[in-house]
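Quick notes on the structure that follows.
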Amino acid sequence: MDLRDFYLLAALIACLRLDSALAQELIYTIREELPENVPIGNIPKDLNISHINAATGTSASLVYRLVSKAGDAPLVKVSSNTGEIFTTSNRIDREKLCAGASYAEENECFFELEVVILPNDFFRLIKIKIIVKDTNDNAPMFPSPVINISIPENTLINSRFPIPSATDPDTGFNGVQHYELLNGQSVFGLDIVETPEGEKWPQLIVQQNLDREQKDTYVMKIKVEDGGTPQKSSTAILQVTVSDVNDNRPVFKESQVEVHIPENAPVGTSVIQLHATDADIGSNAEIRYIFGAQVGPATKRFFALNNTTGLITVQRSLDREETAIHKVTVLASDGSSTPARATVTINVTDVNDNPPNIDLRYIISPINGTVYLSEKDPINTKIALITVSDKDTDVNGKVICFIEREVPFHLKAVYDNQYLLETSSLLDYEGTKEFSFKIVASDSGKPSLNQTALVRVKLEDENDNPPIFSQPVIELSVSENNRRGLYLTTISATDEDSGKNADIVYQLGPNASFFDLDRKTGVLTASRVFDREEQERFIFTVTARDNGTPPLQSQAAVIVTVLDENDNSPKFTHNHFQFFVSENLPKYSTVGVITVTDADAGENKAVTLSILNDNENFVLDPYSGVIKSNVSFDREQQSSYTFDVKAVDGGQPPRSSTAKVTINVMDVNDNSPVVIYPPSNTSFKLVPLSAIPGSVVAEVFAVDIDTGMNAELKYTIVSGNNKGLFRIDPVTGNITLEEKPTPNDVGLHRLVVNISDLGYPKSLHTLVLVFLYVNDTAGNASYIYDLIRRTMETPLDRNIGDSSQPYQNEDYLTIMIAIVAGAMVVIVVIFVTVLVRCRHASRFKAAQRSKQGAEWMSPNQENKQNKKKKRKKRKSPKSSLLNFVTIEESKPDDAVHEPINGTISLPAELEEQSIGRFDWGTAPPTTFKPNSPDLAKHYKSASPQSAFHLKPDTPVSVKKHHVIQELPLDNTFVGGCDTLSKRSSTSSDHFSASECSSQGGFKTKGPLHTRQGTRRTFC
């Protein structure tokens, strides 16, 4: 007997000696698809395991450990303390677990696992078998959603035709139980035939005679149901085609055939030759063999069927371990609708083509494939559980297991195919430090096949001394902005043990992501760039651990302080500071505060502020950031100030940054409206008697250089419209007719229009005189201008429409006296004057016809020169300045409803002034147009509104605060009333001037609204 035979004999003897005290088996039954944490069993309770040591009588704490492979997804879990078994989150699917096998209801689907009980004094190996019962979680399904059957038209009543059966992965009562024909139309019925194997085959029964010529196709539904709870079902469309007659169908010699073929049969091997006969002749006797619908794709991959000869051959290598039995349904058809059916059962026989398999699962976890044991471990210390198996059957699958050579370890059989690897004697570290041996598994086939598994075991010295640091607290300092990998210090510790127990590795604790530590040398370096502004101090631990089992370790604290560098520029809280101040803010007032920060420390964060480009309009405190004004604000002169501010820190070298500052001057209602149109207080518009109500006869337009609501204007007629003949639009300033003029309305009408802004809390306003001459024509312009000058003496609150006729009579009386008292020279002068005026009138009428709607008429130059001569005789103020209004306090009521009492004198010198022209070049930048009522309405203000009286001969003020505006006498032109809203452009200059002489003025009684204590003129 050689050494190998001796080992085989010893292994066989060990397999027969099963230790019943160490190996026990439990069987549990569960349903598939259970949720997580469902209890399955309790190992100590089910096995009646005691926690009392029989030898010592003391209680012990048992540990239950599931033996599993690394990377496996366990289907159950075992509580290490209580030994309870629960389901896991991995779903137990019976159909997946037992896939590839045909499990009838009486056959069990199960899986096995092993649990060990530790420590060694209480060691037991528990083998657990868990049987998985089926639940109805799959619906039965037909092989195709549409089933086509061909039936001859001469088929006898009660003839039967097979229908492809449905399949259900579930088993037993959860499988296919019932078929039902839907919409059979009383022509067809359904019958169920149960095979000896328990399969249910549906058959279609012909219940009425068929006639293909009348109806060749029938469409129905067939329903299949299982017997589970809840019941599941599915349907398929059954389409029956009525075909012509073929009297005889093929017949197999044997309808049930069973054959055997070895799994190593080569490709092309004949399995069986099927043969069917047909009593017909000719083409009706030509038989074609095909696989039935019940044959799955997997079977078709392994076997080929010759359609002509009926020979079944192997077309792919077989594997009995994968599928042992193949059931093949073959149909023989002669072209008729009823083929013959034969069932072939192919049994794949075993060949010893699989070596044994060794499943090595460690109880003591290995490190890099090596099991480490202490030299003090006792005898029978469990190392691993070994399971051997062979996919082959019978003798080919019988396996023996043994250790290849003599070592202080042995295999203890716990089941017929499972062994425990244990120590068989005390271990000696000084004698042998490492063992490496093979476990051999051999089957009994001819020839025998073997499999080996290598086991490495290393012994370890005892470790009882932890490493000791030379300093328990290590303090360091480092400047920020360091380079990566900067050396900081070397940390060291010592260990009194020897060998690997004295080999020390160093490891950083938490909060040390900015550092790297060499595990062997203890060199501490910076892994990142420090930023003191983010973190000034790092406190973490360093662990020194030896390589003992179990390893011992100690810790030391490390404190790293980061020193500051000037690496941060001052940072303004805003890149652009915006401050808003009122335009009446006094000089040296605080307008805002600049805030700036510096993330550095010490002198590096001391910041000084300065203004870069302000032209000394503002003063900035270099430390507090307070900005004070060095100017008085006037929004109309400058609406905003922009300059840059610089911040410099005290570092070396210093760092700086800049920010923009904008001081926005908010508007105050300190400007009255400025009249743009009409161009003077002596202009007039012709209103023909044919004008219709609602037509525009004149227009008033003004602007206000304030903004927002302070620039929103409102137009009202405060005097001269007591007949209600005219109406002014409060927004646009267009004056329209309210009624059609009558002959009683002929003459000059003077309208006093008040233009007020919507400033808050008090508004400012301006008065303008609008003269409307109601007549069919205005041929004698000089006469009309003379009437206008005479109305200046009429109080503003009195209607001058009725006083135009007396003025005309006085003119005629003066002319008559001059003719009687004058000499021939006067007659000649009058004659020349009349001649010149007639020429001017004729030219004007011709121009008026060609222009068709020109608006304003200017007197000719000759008449203007004559009026200048008359003016020289009149005493008038030497000053050529405009009259303006002095202010008297009054109640702040609406100017529309208050009586007007004042006087305006118009000296000759003033008639040459260009009063009230708006300077668009000096106006603040806006987006409004002169004819737009919406003038910069997005501003607000709060200026008071006051009352005023008109007084003559007051010098002009050059300041802004004016209330009433007198328009220039020479900015006039004449045109039709219907074209006023769109100024005529037929002449080259709308405002061409001709001088006219006038004297006098008008007086009013009563207060007019304006700002209190201010004077206002226009230049």
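Report the residue count in the stretch 24-51 for those that are within 56 Å of the chain's Cα centre (by Cα), under 24 Å from residue 420 (Cα atoms) and open to solvent by 30 Å² or more (accessible area, probe 1.4 Å).
2
Counting just the residues of the stretch 609-657 that are of a type in the set (D, E, K, R) and in contact with a strand residue (DSSP E or B) (Cβ under 6 Å, 6 or more places away or on another chain), which one comes out farthest from residue 565 (Cα to Cα)?
635
When residue 176 is evaluated against the numbered criteria (1) open to solvent by less than 30 Å² (accessible area, probe 1.4 Å); (2) farther than 24 Å from residue 296 by Cα, which criterion, by number, is the only one it fails?
If we test residue 176 against (1) open to solvent by less than 30 Å² (accessible area, probe 1.4 Å); (2) farther than 24 Å from residue 296 by Cα, just (2) comes out false.
Taking the stretch 600-621, which residues are loosely packed, with under 13 Cβ neighbours inside 10 Å and assigned to a loop (DSSP other than H, G, I, E, B)?
Once the filter is applied, which keeps residues that are loosely packed, with under 13 Cβ neighbours inside 10 Å and assigned to a loop (DSSP other than H, G, I, E, B), the stretch 600-621 yields 612, 613, 615, 616.
So is residue 299 closer than 26 Å to residue 390 by Cα, within 60 Å of the chain's Cα centre (by Cα) and not in a loop (DSSP other than H, G, I, E, B) or not?
So residue 299 fits the description; yes.
In this structure, is residue 685 under 60 Å from the mean Cα position of the chain (by Cα) and either over 22 Å from residue 584 (Cα atoms) or crowded, with 21+ Cβ neighbours inside 10 Å (or both)?
no
Which of the residues belonging to the stretch 563-602 are out of contact with any helix residue (DSSP H, G or I) (no Cβ under 9 Å at 6 or more places or on another chain) and aliphatic (A, V, I, L, M)?
Answer for the stretch 563-602, where residues must be out of contact with any helix residue (DSSP H, G or I) (no Cβ under 9 Å at 6 or more places or on another chain) and aliphatic (A, V, I, L, M): 563, 581, 585, 591, 593, 594, 596, 601.
Say we look at the stretch 698-730 and pick out the residues that are modelled with pLDDT of 90 or more and open to solvent by 40 Å² or more (accessible area, probe 1.4 Å); which of these is farthest from residue 688 (Cα to Cα)?
The extreme case among them is 714.
Please go through the stretch 128-170 and pick out each residue that is under 30 Å from residue 385 (Cα atoms) and open to solvent by 20 Å² or more (accessible area, probe 1.4 Å).
Across the stretch 128-170, the qualifying residues are 129, 133.
Which of the following residues is touching a residue at least 12 places away in the same chain (Cβ under 8 Å), outside the structural domain of residue 628 (by the TED database) and farther than 30 Å from residue 655 by Cα: 487, 506?
506
Return the residues of the stretch 622-658 that are at pLDDT 90 or above, open to solvent by less than 20 Å² (accessible area, probe 1.4 Å) and part of a loop (DSSP other than H, G, I, E, B); say none if nothing qualifies.
625
Of all residues in the stretch 425-446, which are over 20 Å from residue 400 (Cα atoms) and not aromatic (Phe, Trp, Tyr)?
Answer for the stretch 425-446, where residues must be over 20 Å from residue 400 (Cα atoms) and not aromatic (Phe, Trp, Tyr): 425, 426, 427, 428, 430, 431, 432, 433, 434, 436.
When only residues in the stretch 577-599 that are open to solvent by 50 Å² or more (accessible area, probe 1.4 Å) and of a type in the set (Ser, Thr, Tyr) count, which is farthest from the chain's Cα centre (by Cα)?
Here the answer is 588.
So if I check each of 682, 662, 777, which one is out of contact with any Pro (no Cβ under 7 Å at 6 or more places or on another chain) and assigned by the TED database to the domain that holds residue 614?
So the residue among 682, 662, 777 that is out of contact with any Pro (no Cβ under 7 Å at 6 or more places or on another chain) and assigned by the TED database to the domain that holds residue 614 is 662.
Please count how many residues of the stretch 579-599 are in a strand (DSSP E or B) and within 21 Å of residue 644 (Cα to Cα).
Count: 9.
Going by what's in this entry, would residue 565 be described as of a type in the set (D, E, K, R), over 44 Å from the mean Cα position of the chain (by Cα) and either crowded, with 16+ Cβ neighbours inside 10 Å or assigned by the TED database to the domain that holds residue 495 (or both)?
Spelling it out, it is not the case that residue 565 is of a type in the set (D, E, K, R), over 44 Å from the mean Cα position of the chain (by Cα) and either crowded, with 16+ Cβ neighbours inside 10 Å or assigned by the TED database to the domain that holds residue 495 (or both).
How many of the residues making up the stretch 430-443 are open to solvent by 80 Å² or more (accessible area, probe 1.4 Å) and either in a strand (DSSP E or B) or among the polar types (S, T, N, Q) (or both)?
Total satisfying the criteria: 2.
Please state which one of 395, 371, 407, 388 is farther than 30 Å from residue 253 by Cβ, assigned to a loop (DSSP other than H, G, I, E, B) and assigned by the TED database to the domain that holds residue 453.
The match here is 407.
Just to check your reading of the model, which residue among 229, 308, 323 is assigned to a loop (DSSP other than H, G, I, E, B) and either farther than 27 Å from residue 166 by Cα or touching a Leu at 6+ places or on another chain (Cβ under 6 Å) (or both)?
The conditions single out 308.
Return the only residue of 360, 373, 385, 426 being within 23 Å of residue 125 (Cα to Cα), touching an Asp or Glu at 6+ places or on another chain (Cβ under 9 Å) and open to solvent by 10 Å² or more (accessible area, probe 1.4 Å).
Criteria check complete, one pass: 426.
Considering only residues of the stretch 469-506 that are aliphatic (A, V, I, L, M) and farther than 18 Å from residue 519 by Cβ, which is most open to solvent (accessible area, probe 1.4 Å)?
473
Looking only at strands (runs of 3 or more DSSP E) that fall completely inside the stretch 444-557, which ones have 2 or more residues that are farther than 30 Å from residue 409 by Cβ?
Per the criteria, 473-479, 487-490, 504-508, 515-517, 523-526, 537-546.
Of 718, 661, which residue is assigned to a strand (DSSP E or B), touching a strand residue (DSSP E or B) at 6+ places or on another chain (Cβ under 6 Å) and under 30 Å from residue 603 (Cβ atoms)?
Just one listed residue meets the conditions, 661.
Can you tell me which condition residue 266 does not meet? The list is (1) outside any strand (DSSP E or B); (2) surrounded by fewer than 17 Cβ atoms within 10 Å (Cβ to Cβ); (3) not assigned by the TED database to the domain that holds residue 279, and all the others hold.
The failed condition is (3).
Among the candidates 672, 690, which residue alone is open to solvent by less than 10 Å² (accessible area, probe 1.4 Å) and of a type in the set (Ser, Thr, Tyr)?
Only one candidate passes the filter, namely 672.
The values are calculated or read from the model by the stated rules, or taken from the named source; none is laboratory data. Bear in mind the structure is a predicted one, so any value in this text is a computation, not a measurement. Counting neighbours? That spans all protein chains shown, and the Cβs are built from the backbone with ideal geometry, glycine included. To get the accessible areas, we keep the full protein, side chains included, count just its heavy atoms, and leave off ligands, DNA and RNA. Shrake-Rupley method; radii C 1.70, N 1.55, O 1.52, S 1.80 Å.
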